[in-house]
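First up is the structure itself, then whatever we jot down about it.
The values are calculated or read from the model by the stated rules, or taken from the named source; none is laboratory data. Quick caveat: nothing in here was measured; it's all calculated off a predicted structure. FYI the Cβ positions are ideal-geometry reconstructions off the backbone, even for glycines, and counts take in every protein chain you see.
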Amino acid sequence: MTDRKDALATALIHHPYVAPPEFDALPPGIFKASTVFFPNVAATRSRRWDDKSGYTYGLHGTPTTFTLEARLATLEGAHHVLLVPSGLSAITLVDMALLSAGDEVLLPDNVYGPSRSFAAHELKQWGIAYRLYDPMDPASLVAALNEKTKLVWLEAPGSVTLEFPDLRTLVREARAHAPQAVVALDNTWGAGIAFNAFDLGEGQAVDVTVHALTKYPSGGADVLMGSVACRDDALHQRLAWCHSRLGLGVGANDVEALLRGLPSLALRYAAQDVAGRHIAAWCAGRAEFVRVLHPALPDSPGHAHWAGLCSAAAGLVTVEFDPRTSVAQVDAFVDALRLFRIGWSWGGPVSLAVPYQPKAMRALATPYRGTLVRLCIGLEAVEDLVGDLAQALAGMADLPT
Ligand SMILES: *Cc1c(COP(=O)(O)O)cnc(C)c1O
């Protein structure tokens, strides 16, 4: 006689009850699985691993990941999307899928720092060279393009210093001088809202976008995820096979958080845009700063390119302190902020501030001499944020110069 424990062990796994399938509500069902069942052995041979016609293994997709991918394709203006564990892994997936020994990859000098670091270490070690170009000078890109160039990275605007490049001209030059190269854009700042990178005009669209979903799509400062999006089927296949061979996957709980964030994305982006412009304009009136970087400010680098392409801006503002202000004084300013917390990332409810030394960030010449502080605007009342900046600046007056 089987004892009760043994009977339950099997019954609670092979249970006959199946809930009725009709269930209609806004949130899509969240499916979690490593193993996916097949009805028979023949199905293990006929089901495809590399498209969305069926399910084979959790790593290759569930209804939950397919749903998020489809929504992100709409957001990005793409046809295909791959999900990866972070924004950085979206960048490194594109690098690994498209580059091999002897190739060259081009990065803008204001690229997201860890992307450059990956090129300088892993890519270099694999025999792949990288070159930096000045994104604000298309001639600098042209000079770096050659027959070995297989991948050209774009970022709009650049990380931290927020210079907005002439994306259309950069894409046109890349096509003209290195037709074999794939053109990829880090679309985290635009978030799919500010502009459509696949719709920049004939011969000017990018091939691939990556997006740190960690930022705006999540909106909660509680999820790390990235996406790689493209329109071309063959390019998607190259990326998808590399993604599959690398074993990249994302957890259903994190996908659920993203699916929850997307319906409010446009509203949050718009709110942080309004607050960001307000704070940028306020900072522009303060004598402590020699420069305020925000693409919507008329004298911010690349303002005209931003205005010609975008209907909106992310809530990021970078200020450059007067070079006579010491690093210790700027640190004291950031430490004195009460609502702005100190930390990386952005797109969440809490405003953030981080100081940067421009010399350490750029290889090519830049005009920045003073310490930079990047402000990431959250969802607090903008007058409270202005008050916080004002009190921290007022405190600097007491510091020795
Ligand atoms: C944050 C960020 C990334 C990396 O995203 P993670 O999810 O933090 O890895 C990549 N590119 C840009 C422009 C970013 O701001």
All positions within region 346-401 that are assigned by TED's automatic domain parsing to the domain that holds ALA328, of a type in the set (Val, Ile, Thr) and in contact (Cβ under 8 Å) with a residue 40 or more places away in the chain
VAL350, THR366, THR371, VAL373, ILE377, VAL382, VAL386
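Quick check on GLY247: is it surrounded by fewer than 20 Cβ atoms within 10 Å (Cβ to Cβ) and within 15 Å of THR65 (Cβ to Cβ)?
Yes, satisfied.
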Collect the residues in region 342-401 that are in contact with a Pro (Cβ under 7 Å, 6 or more places away or on another chain), assigned to a loop (DSSP other than H, G, I, E, B) and under 30 Å from SER264 (Cα atoms), keeping them in residue-number order.
GLY378, LEU379
Going through (1) in contact with a helix residue (DSSP H, G or I) (Cβ under 8 Å, 6 or more places away or on another chain); (2) within 23 Å of TRP306 (Cβ to Cβ) one by one, GLY226 fails only at (2)
Looking across region 344-381 at residues that are β-branched (Val, Ile, Thr) and within 21 Å of the chain's Cα centre (by Cα), the single one that is nearest to the ligand (Cβ to nearest atom) is VAL354
Would region 46-59 turn up any residue that is under 22 Å from VAL210 (Cα atoms), assigned to a helix (DSSP H, G or I) and assigned by TED's automatic domain parsing to the domain that holds SER218?
yes
Give all pairs with beta carbons closer than 6 Å in which a residue from region 69-95 that is within 20 Å of GLN237 (Cβ to Cβ) and free of Cβ contacts under 8 Å to residues at least 60 places away in the same chain meets a residue that is assigned to a helix (DSSP H, G or I) and within 16 Å of the ligand (Cβ to nearest atom); count only pairs at least 6 apart in sequence or on separate chains.
THR92/PHE118
Residue count, region 308-328, condition surrounded by fewer than 19 Cβ atoms within 10 Å (Cβ to Cβ) and over 21 Å from the mean Cα position of the chain (by Cα), comes to 7
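Look at ALA284 and say whether it is modelled with pLDDT of 95 or more, more than 15 Å from the chain's Cα centre (by Cα) and closer than 20 Å to GLU155 by Cα. Break it down into steps so the answer makes sense when it comes.
Working: modelled with pLDDT of 95 or more: yes; more than 15 Å from the chain's Cα centre (by Cα): yes; closer than 20 Å to GLU155 by Cα: no.
No: the conditions fail for ALA284.
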Report, by residue number, each residue of region 14-42 that is closer than 30 Å to ARG260 by Cα and of a type in the set (A, V, I, L, M).
VAL18, ALA19, ALA25, LEU26, ILE30, ALA33, VAL36
